[in-house]
Structures are given as structure tokens and as C-alpha cells.
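Asks: First the structure, then my questions, so here it is.
The values are calculated or read from the model by the stated rules, or taken from the named source; none is laboratory data. Since the structure is predicted, the reported quantities are computational estimates derived from the model, not experimental observations. Neighbour counts run over all protein chains shown; Cβ positions are idealised from the backbone, glycine included. Surface accessibility is based on the protein's heavy atoms, side chains included, excluding ligands, DNA and RNA. Shrake-Rupley method; radii C 1.70, N 1.55, O 1.52, S 1.80 Å.
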Amino acid sequence: MGSRIRQIMDDDLEENHEIKVTPFIDVILVLIIFMVAAPLATVDVNVDLPGSTATPAPRPETPLFLTLKDDLTLPIGNDAVPRPAFAATLDSRTKGDKQTRIFLRTDKAVAYGDLMEAMNLLRGAGYLKVALVGLEAAPAGDAAASVPGGTAAAP
């Protein structure tokens, strides 16, 4: 900041008419930076990714579903299986093939710890290929068909 004070005989301060240049230069530099940076920020860069040459894995003819219900029962397919006989029943369903992929699905009410316990049962039985399956929600138009009697209940 530049200022000067001159003492005059009548004790009045002389007016200083000089422009303070430093803030003016700062503003100009910021404007120049934005003028250069703004067009660079809006430029689209095309990225060409290579196409996949891998063949998709074949789907199993009859997938083996394991369901963890909210009461913590573990039915294999549609058959309820007691936990002590879980490994033996799973071996009979897969014909002893430990490389069979098991599709694990669960209810919303099941806690994460219970899901991990079911996965530990599978690992203890020797089945390491587990696929977590999400159930698809029914469209809003099919809501009436899912209620017994064919009519949706009013709230």
C-alpha cells in the first residue's frame, strides 16, 4: 500500500490521486486464469475402450438355489434341510462336485451376520463358488396379481 503524507504549513493533508495497482493486477490475473481454464474444463475427451473378446460363461441347466429364510432355515431348492445334514444333502444334490456354483438368496429380514454364517457353512462343506442372487421386484402393475383374490389392499 502506497501512501504519503506531506506536511504543509496549514496542516491539511494533500490528496493522493495515484491508483493502487496491486489489487488491480490480482483481479486481472484471476480473470485470465478463468478465461484459460474454463474452456479446458468443458472439452470432452473421447475414450475408446477395447471390445471384450471373452465368451460369456454358460449358464447351468438346473441352478442350485440355497435360500436363507427369516427363520434361519436353509432350504436347498424347495426342500427344507436340517443344519446337521446340510453338507451331506448338498453333496448328494451336486453329485460330489465341489466346483458347482451355489446360488444363495435371502430374505430382507435376515441379518448380515446370519448371511455370513450360511456362507461359512458352505465353505465348511467345501463349496467355494457362491453367487449372491437378488430377487427382482414385481412391476407396479403386477401388484394386484400377487395379492390373493386379485385385488390390491388399500392402505
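Asks: Of the numbered conditions (1) open to solvent by 90 Å² or more (accessible area, probe 1.4 Å); (2) at pLDDT below 85; (3) not small (Gly, Ala, Ser), Arg93 fails exactly one; give the number of that condition.
Replies: So Arg93 meets the others, but not (2).
Asks: Given the options Lys108, Lys129, name the one that is under 23 Å from the mean Cα position of the chain (by Cα), open to solvent by 50 Å² or more (accessible area, probe 1.4 Å) and within 19 Å of Pro63 (Cβ to Cβ).
Replies: The match here is Lys129.
Asks: Can you work out which of the residues in the range 34-69 that are in a loop (DSSP other than H, G, I, E, B) and open to solvent by less than 100 Å² (accessible area, probe 1.4 Å) is modelled with the lowest pLDDT?
Replies: Residue satisfying both the conditions and the ranking: Val43.
Asks: How many residues does the range 16-31 contain that are open to solvent by 90 Å² or more (accessible area, probe 1.4 Å) and either touching a residue at least 60 places away in the same chain (Cβ under 8 Å) or not aliphatic (A, V, I, L, M) (or both)?
Replies: Residues in the range 16-31 being open to solvent by 90 Å² or more (accessible area, probe 1.4 Å) and either touching a residue at least 60 places away in the same chain (Cβ under 8 Å) or not aliphatic (A, V, I, L, M) (or both): 5 in total.
Every residue, every condition in (1) under 18 Å from Ala131 (Cα atoms); (2) assigned to a loop (DSSP other than H, G, I, E, B), yes or no:
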site	(1), (2)
Thr73	no, yes
Val81	no, yes
Pro84	no, no
Ala87	yes, no
Leu90	yes, no
Asp97	yes, yes
Thr100	yes, yes
Leu104	yes, no
